[in-house]
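J.: The structure that follows is given in the form of structure tokens.
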Amino acid sequence: MPSFDEMQRAVDQLRAGGIVAFPTETVYGLGADARQPKAIKAIFKLKGRPLDHPLIVHLGETTDIRGWARDIPEIAYDLADAFWPGPMTLILARGEAPDEVTGGQDSIGLRVPSHPVARELLQAFGSGIAAPSANRFGRVSPTRPEHVKTEFPKGLEIILDGGSCEVGLESTIISLLEEEPILLRPGAITRQQLERVTGRGIQAPNQNHHVRASGLLASHYAPDTAVLVFDQEAPGERLKALFDGRRIALMCFDDAFLKTAIETPARVRMPRDAAAYGQILYSTLRALDSEAYDLILVEKPPETEAWQAIHDRLQKASHDSQHLLASTSFETPHSIRS
Ligand code: TXA
Ligand code: MG
């Protein structure tokens with residue numbers, strides 16, 4: 001836990017329009033005073049994020065959503081009672097909030113986090129803190145203070161240390177703007193849990209939802225190293241040729257995975273429990289990414305509800321590498337990505 005002095009320094013920094021990195025139970029965030037447009041702009045600049053991507057405003061208490069949002073439906077309070085403080089973000093009709101926060105949209109994302117350091121910071125600050133995940137645009141979200149430091153070696157004075165994030169994946173985002181609630185980003189709180197509390201079906205987003213959500217981009221959360229997700233089934237000859245001579249790391253549930261197909265790969269044993277897997281997914285990708293492998297092969301997790309958020313993040317992490325499966329030559333996603 002940060003000391004009283006560190007916390008006070010963080011609050012002073014926020015009041016002065018500066019940026020503070022802080023832990024939440026999901027991932028670390030880059031926080032600024034949600035009422036100060038200049039401070040918000042500084043976050044976009046530091047992250048390298050397009051200006052029209054909205055930020056989530058973090059609040060200390062559920063009652064704080066009044067003012068930031070308007071026309072709040074009853075179902076928002078039902079969800080808040082069930083899951084706040086915790087890893088859920090509600091998209092509501094925008095109340096009083098700067099354009100810089102909402103990306104100019106008529107909606108706003110609000111969340112009451114549960115991490116004790118985030119709670120203490122919000123309480124001491126006494127107002128909303130706008131915060132995206134504390135990574136450069138399009139990179140893997142940080143789940144440890146060292147990750148934040150690696151992302152921003154310069155330009156960030158205060159990183160509050162709250163240890164490893166318990167959830168490890170970004171919050172579940174649910175839009176309440178329309179008649180039917182819509183799941184915009186899967187997270188630790190599952191669709192089933194949301195449906196149980198709301199008593200309604202939760203829809204997946206479709207083309208009619210003109211939301212600008214960078215977490216929804218197909219190739220978000222990508223490491224530099226190519227990532228491919230694989231079934232237990234033995235790969236064909238062409239794939240064996242793809243693996244041949246490459247430095248390959250495996251993220252797998254057991255030692256049998258691709259045992260005969262690949263010679264002496266580095267193996268990381270992943271937990272069979274979805275919550276435990278989510279907790280270490282990003283730190284594992286980050287660690288492997290720093291070790292100059294040519295390819296990270298991930299054993300495909302089960303297709304059950306509990307794994308939905310993990311499938312979503314793995315799909316995004318592997319998006320830029322899909323072409324490898326179709327081609328015979330090996331190019332790193334780097335050269336593709338420009
Ligand atoms: O767990 C989390 O949500 C973390 C921690 C720090 O709270 N934050 C996070 O923020 O993941 P960020 O900015 O990396 O992702 C937030 C997502 C983005 O995809 C953004 O576009 C979407 O939320 N979002 C924010 N406001 C929105 C709005 N009004 N309508 C639709 N999407 C919105
Ligand atoms: Mg993010």
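The values are calculated or read from the model by the stated rules, or taken from the named source; none is laboratory data. The structure displayed is predicted, hence computed values, not measured ones. All Cβ positions, glycine included, derive from the backbone under ideal geometry; neighbour counts span all protein chains shown.
J.: Residues being without any contact (Cβ under 8 Å) to a residue 60 or more places away in the chain, surrounded by 17 or more Cβ atoms within 10 Å (Cβ to Cβ) and either of a type in the set (D, E, K, R) or within 17 Å of ILE189 (Cα to Cα) (or both): count how many of those fall in the range 252-282.
T.: Counting residues in the range 252-282 that are without any contact (Cβ under 8 Å) to a residue 60 or more places away in the chain, surrounded by 17 or more Cβ atoms within 10 Å (Cβ to Cβ) and either of a type in the set (D, E, K, R) or within 17 Å of ILE189 (Cα to Cα) (or both) gives 3.
J.: Does the range 152-173 contain any residue that is outside any loop (DSSP other than H, G, I, E, B) and within 11 Å of ligand 1 (Cβ to nearest atom)?
T.: To start, the set of residues in the range 152-173 that are outside any loop (DSSP other than H, G, I, E, B) comprises 158-159, 172-173.
Subset that is within 11 Å of ligand 1 (Cβ to nearest atom): 172-173.
Yes, there is a match, as at least one residue in the range 152-173 is outside any loop (DSSP other than H, G, I, E, B) and within 11 Å of ligand 1 (Cβ to nearest atom).
J.: Quick one: which residue in GLY95, GLY104, GLY86, GLY126 is away from ligand 2 (no atom under 16 Å from the Cβ), at pLDDT below 95 and either outside the structural domain of SER290 (by TED's automatic domain parsing) or not charged (D, E, K, R) (or both)? Walk me through how you get there before you give the answer.
T.: Working: GLY95 fails: at pLDDT below 95; GLY86 fails: at pLDDT below 95; GLY126 fails: at pLDDT below 95.
Selected residue: GLY104, the only one of GLY95, GLY104, GLY86, GLY126 that is away from ligand 2 (no atom under 16 Å from the Cβ), at pLDDT below 95 and either outside the structural domain of SER290 (by TED's automatic domain parsing) or not charged (D, E, K, R) (or both).
J.: Tell me the residue from GLY162, GLY201, GLY215 that is among the small types (Gly, Ala, Ser), away from ligand 2 (no atom under 16 Å from the Cβ) and at pLDDT below 95, please.
T.: Working: GLY162 fails: at pLDDT below 95; GLY215 fails: away from ligand 2 (no atom under 16 Å from the Cβ).
Result: GLY201 is the single residue among GLY162, GLY201, GLY215 that is among the small types (Gly, Ala, Ser), away from ligand 2 (no atom under 16 Å from the Cβ) and at pLDDT below 95.
J.: Pairs under 6 Å by beta carbon, first residue touching a residue at least 40 places away in the same chain (Cβ under 8 Å) in the range 152-178, partner part of a loop (DSSP other than H, G, I, E, B) and aliphatic (A, V, I, L, M), six or more apart or different chains?
T.: Here the result reads CYS165/VAL27; VAL167/ALA188; GLU170/VAL27; THR172/ILE189, each pair linking the range 152-178 to a residue that is part of a loop (DSSP other than H, G, I, E, B) and aliphatic (A, V, I, L, M).
J.: With the requirement that a residue be without any contact (Cβ under 8 Å) to a residue 60 or more places away in the chain and within 13 Å of ligand 1 (Cβ to nearest atom), what does the range 86-108 give you?
T.: Within the range 86-108, the subset without any contact (Cβ under 8 Å) to a residue 60 or more places away in the chain is 94-96, 102, 104, 106, 108.
ARG94, GLY95, THR102, GLY104, ASP106, ILE108 - these are the residues of the range 86-108 that are without any contact (Cβ under 8 Å) to a residue 60 or more places away in the chain and within 13 Å of ligand 1 (Cβ to nearest atom).
J.: Still on this structure, I have one more. Which count do you get for residues in the range 61-96 that are closer than 16 Å to ILE108 by Cβ, part of a loop (DSSP other than H, G, I, E, B) and not hydrophobic (A, V, I, L, M, F, W, C)?
T.: Qualifying residue count, the range 61-96: 4.
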